[in-house]
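Presented below is the structure to which this report refers.
The values are calculated or read from the model by the stated rules, or taken from the named source; none is laboratory data. Quick caveat, the model's predicted, so the values are computed rather than measured. Reconstructed Cβ throughout: ideal geometry from the backbone, glycine too, with neighbour counts over all protein chains shown. Side chains are part of the model used for accessible areas, which takes the heavy atoms of the whole protein and leaves out ligands, DNA and RNA. Shrake-Rupley method; radii C 1.70, N 1.55, O 1.52, S 1.80 Å.
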Amino acid sequence: MKKQRESQCTQKTISLLSPLGTIQVSGCENGVHTIQILMDVAPAERSSKAPLSCVVNDSPAETSPEMQRCVEWLQAYFSEPQTAGSLPLPAFHHPALQGDAFTSRVLHVLLKNVKFGETVSYKRLAEMAGNPRAVRAVGGAMRRNPVPLLIPCHRVISSSGQSGPYMSGKGDHLKQWLLTHERQRGES
């Protein structure tokens, strides 16, 4: 029954230009399904071509309140990140975030307990999610996070203090940028 309800969603996509490059937010009237960071701007070019904030590049004529809430949250995160935590998050409408599967539990624990400017190790997050031996499973949950930025998988680092992979290793420079962005904005 759940799959049937989801297949009846009419998903729309909003494209945003951000300091990370283009971000695509897909969702329906029930909530946000996915956020994709497209990495269309090379790291060396990012500082000169990318906007300092997050602006809508392309949007369908009608967007749901949940999609609009997501756009507003992302805009706040990039322009005044310390205020993003006080804004309401949109509803999520992706199977990985429903139910009580370990991935869902880990992502919700991360969202609820690791605040702006903080980091947590994979090991500590496994403990917080109720299974201290599931460090690799936490890594898998981070890879399957359908809504990065909203659920801050970039804040999960290795026990050694190294940042660890982001977007299967292709976005490590983005993870560093996000962590620096939060540290710098948190101090101001």
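For the chain, what does the alpha-carbon gyration tensor say about shape, rounded, prolate or oblate, given a ≥ b ≥ c as the root eigenvalues, a/c under 1.5 as rounded, and a/b over b/c as prolate?
Taking the square roots of the gyration eigenvalues as a ≥ b ≥ c, the chain is oblate.
With a Förster radius of 22 Å, plug the Cβ-Cβ distance of Lys112 and Gln162 into 1/(1 + (r/R0)^6) and report the FRET value to the nearest 0.05.
0.35
What is the sum of charges around Tyr166, taking Lys and Arg as +1, Asp and Glu as -1, for the other residues whose C-beta is under 9 Å from the C-beta of Tyr166?
+1
Once the dipole of the chain is set up with Lys and Arg at +1 and Asp and Glu at -1 on Cβ about the Cα centre, which of Val147, Phe116, Ile157 lies farthest towards its positive end?
Checking the options against the dipole of the chain, the answer is Ile157.
Which whole-number percent is the relative contact order of the chain (Cα, under 8 Å, 6+ apart)?
18
Classify the stretch 109-169: rounded, prolate or oblate, from the alpha-carbon gyration tensor (a ≥ b ≥ c, eigenvalue square roots; a/c under 1.5 rounded; otherwise prolate if a/b is larger than b/c)?
rounded
Would you mind working out the accessible area per residue for the chain, using a 1.4 Å probe, and quoting it in Å²?
Spelled out: the 1.4 Å probe surface of the chain, per residue, equals 52 Å².
Can you tell me how much longer the chain between Gln176 and Asn131 gets when fully stretched, taken as 0.36 nm per residue apart minus their C-alpha distance, in nm with one decimal?
Separation in residues times 0.36 nm, less the Cα-Cα distance, equals 13.5 nm.
Which value, in debye to the nearest 20, describes the size of the charge dipole of the chain about its Cα centre when Lys and Arg Cβ atoms bear +1, Asp and Glu Cβ atoms bear -1, and nothing else is charged?
That gives a dipole near 740 debye.
Normalised by the residues of the stretch 72-156, what does the relative contact order come to in percent, with Cα pairs under 8 Å and at least six apart?
Normalised by residue count, the contact order of the stretch 72-156 is 29 percent.
What net charge is computed for the residues neighbouring Glu72, neighbours being all others with C-beta under 12 Å from the C-beta of Glu72, Lys and Arg scored +1, Asp and Glu -1?
Summing Lys and Arg as +1 and Asp and Glu as -1 gives -1.
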